[in-house]
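See below for the structure under consideration.
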There are 4 protein chains.
Amino acid sequence: MNNSFGEQFRVTTFGESHGPALGAIVDGVPAGLELDEAYIQKALDRRKPGQSVFTTPRKEADAVEILSGVFEGRTTGTPVALLIRNQDQRSRDYGDLAEVFRPGHADYGFFRKYGIRDYRGGGRSSGRETAARVAAGAIAAKYLQEKYGIVIRAWTEAVAGISGEKTDFDFIEKNALRAADPDRYPAMEEAVRNAIAELDSVGGIVSCVIEGVPAGLGEPVFDKLDALLAHAMLSLGAVKGIEFGDGFAAAGLRGSVNNDKMSPEGFLSNHAGGILGGISTGAPITFRIAVKPTPSIRQEQQTVDQENNPRTVTVQGRHDPCICPRIVPVVEAMASLVLADLTLRCH
Amino acid sequence: MNNSFGEQFRVTTFGESHGPALGAIVDGVPAGLELDEAYIQKALDRRKPGQSVFTTPRKEADAVEILSGVFEGRTTGTPVALLIRNQDQRSRDYGDLAEVFRPGHADYGFFRKYGIRDYRGGGRSSGRETAARVAAGAIAAKYLQEKYGIVIRAWTEAVAGISGEKTDFDFIEKNALRAADPDRYPAMEEAVRNAIAELDSVGGIVSCVIEGVPAGLGEPVFDKLDALLAHAMLSLGAVKGIEFGDGFAAAGLRGSVNNDKMSPEGFLSNHAGGILGGISTGAPITFRIAVKPTPSIRQEQQTVDQENNPRTVTVQGRHDPCICPRIVPVVEAMASLVLADLTLRCH
Amino acid sequence: MNNSFGEQFRVTTFGESHGPALGAIVDGVPAGLELDEAYIQKALDRRKPGQSVFTTPRKEADAVEILSGVFEGRTTGTPVALLIRNQDQRSRDYGDLAEVFRPGHADYGFFRKYGIRDYRGGGRSSGRETAARVAAGAIAAKYLQEKYGIVIRAWTEAVAGISGEKTDFDFIEKNALRAADPDRYPAMEEAVRNAIAELDSVGGIVSCVIEGVPAGLGEPVFDKLDALLAHAMLSLGAVKGIEFGDGFAAAGLRGSVNNDKMSPEGFLSNHAGGILGGISTGAPITFRIAVKPTPSIRQEQQTVDQENNPRTVTVQGRHDPCICPRIVPVVEAMASLVLADLTLRCH
Amino acid sequence: MNNSFGEQFRVTTFGESHGPALGAIVDGVPAGLELDEAYIQKALDRRKPGQSVFTTPRKEADAVEILSGVFEGRTTGTPVALLIRNQDQRSRDYGDLAEVFRPGHADYGFFRKYGIRDYRGGGRSSGRETAARVAAGAIAAKYLQEKYGIVIRAWTEAVAGISGEKTDFDFIEKNALRAADPDRYPAMEEAVRNAIAELDSVGGIVSCVIEGVPAGLGEPVFDKLDALLAHAMLSLGAVKGIEFGDGFAAAGLRGSVNNDKMSPEGFLSNHAGGILGGISTGAPITFRIAVKPTPSIRQEQQTVDQENNPRTVTVQGRHDPCICPRIVPVVEAMASLVLADLTLRCH
């Protein structure tokens, strides 16, 4: 296992979907930062379930408690421990889930790796694990905003193949999918409703733009800024790809077009997405991630059990038909952790 | 700086494009592995310049010397140090390059980060740095092949927007672009020749498939197998994106289609690219990376100098018009390093 | 800050003396280990305050809760989070302690390092922090005992300059100082009583012997077994020195005497303390640590305040007059963490 | 293996006693530091063999070459690679040494750990490995001296049980043992000559004092300054113990005596050796290490071979009868690496 992320600003997380609690220890938080539970709670509330018709109705307050590292409202330089109790722990009957592997889930890999697994709601592989990341990332985001004026914003760019064409940041928190294009939103929402009606789920694309990053962040040669961001984003179970700036489209461009020319006023374009040679250039950092459709669907699917016998499984309960809206705050949290760590590694 | 990669099988590299030498220390190589310079040299020869009309004619033998860790033809468990001398060190006149920033290059970021830079051929940010990765990766690949039967193969899937449609592994080493589709190759080659004629460069896409990986590799939650592979690939300066399995296409699929159903004979499809929840499933691991067009072009480009005065720059000398063919062995090397490390971290 | 210890069996701790809680996340615990709270509680009870007239009467149940990583009585391979609530949090009047630096304590260094400090009972620098180490170490000890039959035992060898001459393991838990020599114990006890009567404290020496360690543990060159044990022991605030085998006495010996000769039955002596070249030899590992006298004494001492004005301070409340008996289980815990980590790094 | 030391100023070393070369990669060296080979060579010359009648006459120039990281006389922020070729590589007849284990050496542990060993002069376990540490440490020392005015000085305090009583820094480089007490030196020298005459060796104690360290260095709780220094010193094969400040003597003191009182002018004593709670206080840092007698002696010693048959061995060739004088520069180098790393981890 490796449940730690970062070198000088390092978060270590724990917790299973239906265990007693989730949480994190955030080590390396600079001393003197104003911090309280109310601030972190706001970040957690953006991720918690039951926010709309498009998220699982599971009831979880996701109330966070700060256990250490804060004295008289300020961080002291000692590790900040964060605790989130699970409320939904009723030992329901998991029936088949205790024996079979759900297609598209981590069940099989965990079983092959450890020879044992906590099958309750996916255990450690549940998306619920990201609550701890969001709580820790909120501390990083506050530090970055106050010290550098860095602002990190993510949104749902596409759902079910329907892409937004403009980015209205004010619209993001006003719709159930965290989409940024009011005009394309109705089509996106309809696509999700259709999927729900057909006991299915949809994938999408989440975009992120980071402004205010000073030039010089990123540690060549292996811990390039884009390498660490890619590591962070691919550490999310539902993410299947990432691209920076023009990304895969750049593969079809010529150098004369893709190179961002410079003037005394700065870069004349941003095909690179704010990163050259793994180091931030001061231009906005832009990346997009591919989010796969929710693997939990109410259709009967062919699978096997732990003895490799042929079985079928139908995942009961209501799950998010599209992960995008809830992964948005997680993407912002992970990007915050990467940048906070690099600012403290930078010399 | 962070010039180390991996935890239990860890490579640390050094060297500038026009400094005395490049090299690596490979720590954690299991004892008893047969190893000699001839084997590593073969891997280096696949990456070295001057192999075809499509690679820079720079003369470098890239001859490797093993300085430690091998006794009587076998590794001893002590670190294996590898040395590659640079031959092309003539102190030529770099003219403008000492003062201006080449568009699309790391020059600007390095200067802003360190306040000083080795401008000779890009110094540490030169693609030449990857020679050390290839030498180290060859040791990892040998270990993986002999202990697990793991085979890693990469190839150029697309160039200048022209994609291959089939994968003929035998063809890869028989063409100047390391393309895998003999039918589409002529069109790819023509596209590159046109770019050269117009003093320009092209990008492309490199694919990789890894067979023989046992189920269970990958360390949840942060060091997932795909997270580490993404970290490894994005640590290559020219790479702008990565996707696993169906990748970005999966964002447009429904769960009922994207989920790989299972039978006693194994997975019935491989949309996931051999990784679920960050752990290998035993299915072939597949990923694609976006390679940007070579930033060094012989056209005059607008830029600035270190005092932020407006300047223009024309990069002299002949450079690879397309990086894909030479990045192929580097992709295989980095994938080898990731897997070797995980096999030694796996319990 | 660095609140993590170990590479493959890694513990990360948090918590202040008078904050809400202390705890640890133990990452890398092999799956399938039987574990419950009652087992860990036993280890914690050995360290907790109020066990005898020679330990502070502070009331702390030190009740541990397992928050994750255990399912149906066995570890799952996911991180094991441990929580210990502080009971003694009453916001008493700390008076001078909020401004002055206690001689012999970490107050001054923390203030100079962070510019802010949690002065309540020493905050993070309190010996109370070791409760989290003991809880985590208990898991490591169980793994070592069950998988390798490794047994780690520490005891108070000397107090106030009075040294034990024999080692009766059965006696250790039967006396207030965890001394191992019943004959010398009365003199030790009297020395401590005298110090108490004179509002003073005493130091001592703690010995540790580890049996059952297989040959081959220890990672040359920097993570030698003795280097890691020294790192672990000196990470305890009250420890001022460590020696292995004959230690400082070996500095006065000749090679012909100090070298441990070998026979088919094994080593004929153990001057080396079971470690040669940083690698375990299979012989018992022995080391001794110097424990300074408790810095908290009820005598008036000369010091300064945060504005560097001359002040005096008298530390109120009853503190352990000798740290040795309570550091014994902490030494065993830290040794367990070092060995568990090395067994998982060893290939 | 773990051949890397440090987090932000990290050295990775390689090389065997009779392999082609030794060396190091120093990562994290701040950009802009003036550096050339002549400076590093001076440090190496202090450690190299053949300096006096008391060191092995093995001929090694220990000439260092800088392979990377320096441009126009200054560091660039990229890794500095250092190469030291071995001259003495003649494949002599190692006879018994290829099969038997030398008492007091790492031979047995290496064989049990790796199942294979480079028996030529101890291979990786040879003290010769420390040449790479001295070269790397010289860079750290230069950085510390220029940026903080930190001065690190070590010397031989005792040999064969004969202790120096005063410390004359000017005398250290003027005698074959690097002793600091001119009056006691003759007795020390005689003790060593007697040991040589009797085909034996002697141990000793090396002291170190570090001045100019700012308050606040050291990372609680696990990477305390003394914990890292202990780790560094015990990573030297011949070191069997370390103590800070009063060390083991403090175990016999009372708190009222051992506590260093403070005044506006600073600490009134330095029993603590400049470290409290693992953090530097600004007072001089002092520690002492126990160095065992050289295990290589020309007397016949009882041992076993790789098949565990009883054998005897007499180590041929002339070896240092006392390791102290040559370990002195290594102690300074390791202390430099610890401090340089902490200054870069300090926030």
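For this structure, a couple of remarks:
- Helix-derived mean residue ellipticity, 222 nm - over chain D, DSSP H n ≥ 4, -39500 (n - 2.57), to 500: -8000 deg cm²/dmol
- Of all DSSP beta bridges in segment C:143-298, antiparallel share, percent nearest 5: 95
- If you sort C:R326, D:R46, A:R85 by accessible surface, 1.4 Å probe, largest first, the order is A:R85, D:R46, C:R326.
- Percentage relative contact order, segment C:39-112, counting C-alpha pairs under 8 Å, at least six apart: 20
- Under 5 Å between amide hydrogens, built in the peptide plane, is the criterion, and for D:T312 it picks out D:T303 among residues at least 5 positions away or on other chains.
- Note on chain A: with a GNM built from Cα contacts shorter than 10 Å, the maximum mean-square fluctuation among A:P220, A:P284, A:P57 falls on A:P220.
- Between chain C and chain A, the total buried accessible area stands at approximately 3100 Å², from heavy atoms with a 1.4 Å probe.
- With all protein chains modelled, accessible area of B:V70 [1.4 Å, Å²]: 40
- Helices assigned as whole DSSP H runs in chain A whose Cα atoms extend at least 24 Å along their own long axis and whose mean Kyte-Doolittle hydropathy is 1.0 or higher are found at A:324-345.
- Of B:D183, B:D27, B:D118, the one that fluctuates the most in a GNM where chain B has Cα springs shorter than 10 Å: B:D183
- C:T314 sits among other residues whose Cβ lies under 12 Å from its own Cβ, and their net charge, with Lys and Arg +1 and Asp and Glu -1, is +1.
- Using θ = phi - 60° and Karplus 6.51 cos²θ - 1.76 cosθ + 1.60, couplings along segment D:243-250 (whole Hz; Gly, Pro as x): 9, 10, x, 6, x, 4, 5, 4
- Max mean-square fluctuation residue, GNM over chain B, Cα-Cα springs under 10 Å, options B:I285, B:I84, B:I116: B:I116
- For segment A:190-300, relative contact order (Cα pairs under 8 Å, six or more residues apart, normalised by length) works out to 44 percent.
- Spin-label model, C:E34 to C:A249: label points 7 Å out along the Cα-to-beta-carbon direction sit 4.1 nm apart.
- Unsatisfied cross-links (Cα-Cα over 19 Å) in the set A:K147/B:K240; A:K240/B:K147; A:K292/B:K224; A:K42/A:K142; C:K48/C:K174; C:K42/C:K292: A:K147/B:K240; A:K240/B:K147; C:K42/C:K292
- Anisotropy class of segment C:28-171 from Cα gyration tensor, a/c 1.5 cut: oblate
- Euclidean distance between Cα centres, segment A:16-76 to segment C:107-169, Å: 31
- The mean count of C-beta atoms from other chains within 10 Å of the C-beta of residues in B:110-121, rounded to a whole number, is 6.
- Loop-located GluC sites (Glu not before Pro) in segment D:196-263 whose Cβ has at most 14 other Cβ within 10 Å (DSSP): D:E198
- Cα-based reach from C:K166 at 12 Å (exclusive), listing aspartates and glutamates while leaving out same-chain residues under 8 positions away: C:E157, C:D181, C:D183
- Chain B: C-alpha gyration tensor shape, a/c 1.5 cut-off, then a/b vs b/c: oblate
- Given charges at Cβ of Lys, Arg, Asp, Glu: segment D:7-346 dipole, positive-most of D:L276, D:S126, D:I323: D:S126
- Antiparallel beta bridges, as assigned by DSSP with both residues in segment A:20-153, represent about 100 percent of the total such bridges.
- Rounded FRET efficiency, nearest 0.05, which uses the C-beta distance separating D:Q87 from B:Q87 and R0 of 35 Å: 0.90
- For segment B:4-18, 3J(HN,Hα) per residue [Karplus equation, 6.51 cos²θ - 1.76 cosθ + 1.60, θ = phi - 60°, Hz, x = Gly/Pro]: 10, 9, x, 9, 9, 10, 10, 10, 10, 10, 8, x, 10, 3, 10
- For segment D:7-346, the relative contact order is 22 percent, taking Cα pairs closer than 8 Å that sit 6 or more residues apart in sequence and dividing their mean separation by the residue count.
- Long-range HN-HN contacts of D:V100 with modeled amide H, under 5 Å: none
- Cβ-placed point charges (K, R +1; D, E -1), dipole of segment D:7-346 about Cα centre in debye, nearest 20: 420
- Rounded if a/c under 1.5, otherwise prolate or oblate - segment B:265-320, Cα gyration tensor axes: prolate
The values are calculated or read from the model by the stated rules, or taken from the named source; none is laboratory data. Fair warning: this is a prediction, and the values are worked out from it, not measured in the lab. Glycine gets a Cβ as well: all are built from the backbone with ideal geometry, and neighbour counts include every protein chain shown. Side chains included, ligands, DNA and RNA excluded: accessible areas come from the protein's heavy atoms. Shrake-Rupley method; radii C 1.70, N 1.55, O 1.52, S 1.80 Å.
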